[in-house]
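Derivation of every value follows stated rules applied to the coordinates shown; laboratory data play no part. The shown structure was predicted, so the numbers you read here are calculated from the model rather than taken from an experiment. A quick note on method: Cβ atoms are made from the backbone with ideal geometry, for glycine too, and the neighbour counts reach across all protein chains shown.
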Amino acid sequence: MAAGETAELRWLTSRSEVRRSLPAAAAGFLTLPWSYRIGVADRRMFPELNSILSISLENIPQGQFVVLSDHNGDASFLIHHFLSLYLRAGCKVCFLGLVQSFSHYSAVAQRLGISLPQARERGQLVFLEGLRESLGELLLEDVAPGERPLDFLRHPQADLRGLLAFVQRSVSGGPEWGPPVLLVDDVSVLLSLGVTVGALQDFSHYCRVTLCCELKGNVVMLVRVEEEDGEEEGSELLLKDLTHQCSLALHVQGLPTGYCKDIHGQVEVCQRVVSDPGDGLLPQKKLFQYKIHDKGVTFFARGTSSAVL
């Protein structure tokens with residue numbers, strides 16, 4: 001039986017059988033949005049997206065600061081794409097998972113042909129599980145600020161030096177790994193934990209200096225913009241600042257015309273020259289629509305979907 005047929009049969013297995021095969025912590029995987037439920041047939045994740053961004057396993061950009069954002073949409077599939085891409089390329093990855101458990105990311109990665117437990121065991125992946133670490137932080141005795149990654153939970157006025165120190169230790173890998181990468185999902189959740197926009201701006205700045213400038217690696221941060229967020233120091237202000245710093249911005253949003261079964265949303269791609277970080281984004285922007293399938297995601301130019309042609 002061909003490999004493609006095997007993958008398809010695996011995907012067509014009944015929901016109950018798939019649920020029994022997953023870890024207990026990931027039993028609710030099949031209830032997640034379609035952006036998480038991607039088949040294993042296309043092991044390159046989204047080849048069309050890679051073509052749009054001019055990246056591949058053999059041509060991983062260095063010194064990139066990538067900002068992912070969403071509004072009335074879900075950009076989580078992009079986090080999984082970049083995680084899969086960098087691990088396959090042999091990069092040393094530090095992943096700050098602030099909104100989901102390790103079991104969740106592992107279950108999704110397994111369907112994409114990546115084993116996160118193995119990557120962590122061999123030292124390629126350093127994963128900070130924010131949900132678990134936050135509980136442990138609150139149960140600890142008094143600890144001086146700056147000694148633990150999430151010590152700001154105990155010291156509301158503290159900055160993110162502990163988290164930055166954790167990142168810097170994690171990306172100092174050996175020569176067996178490629179350029180280091182920092183993934184954050186998602187940085188805006190720290191706002192709800194009492195961290196100020198100014199502290200997050202400082203954190204992102206020093207992460208960019210450490211990884212992009214000094215180590216020639218990459219940083220990928222996800223920011224979610226809440227529709228009801230009208231405060232001055234909110235996710236929208238944070239997104240504007242990170243967009244000004246970044247070299248590549250991908251913004252996922254719903255269709256302005258509403259729901260469509262053949263087009264699930266659109267992605268706005270903004271790029272600029274990495275060698276000149278002082279300037280803003282280049283004025284030209286590219287807009288692509290996408291459709292999520294059982295085995296991947298299709299990207300196409302606006303108005304070129306088979307549904308409208």
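Treating r as the C-beta distance of Glu48 and Lys216 and R0 as 35 Å, the FRET efficiency rounds to 0.80. Of the cross-linked pairs Lys92/Lys286; Lys240/Lys286; Lys216/Lys240; Lys92/Lys285, those separated by over 28 Å at the C-alpha level are Lys92/Lys286; Lys92/Lys285. Region 166-213 and region 234-265 have their alpha-carbon centroids 21 Å apart. Annotation: peptides 178-187, 207-216, ranked by per-residue average of other Cβ atoms within 10 Å with the highest first, follow the order 178-187, 207-216. Modelled spin labels at Leu287 and Ala165, positioned 7 Å past Cα toward Cβ, are 4.7 nm from each other. For Leu193 and Ser172, the difference between the fully extended length at 0.36 nm per residue and the C-alpha to C-alpha distance is 4.8 nm.
Could you tell me the calculated FRET efficiency between Ser56 and Glu121, based on Cβ-Cβ distance and R0 = 25 angstrom, to the nearest 0.05? Efficiency, rounded to the nearest 0.05: 0.40. In straight-distance terms, cross-link reach from Lys261 covers every one of the lysines whose alpha-carbon lies under 20 Å from its own, apart from those fewer than eight places away in the same chain; here that gives Lys291, Lys295.
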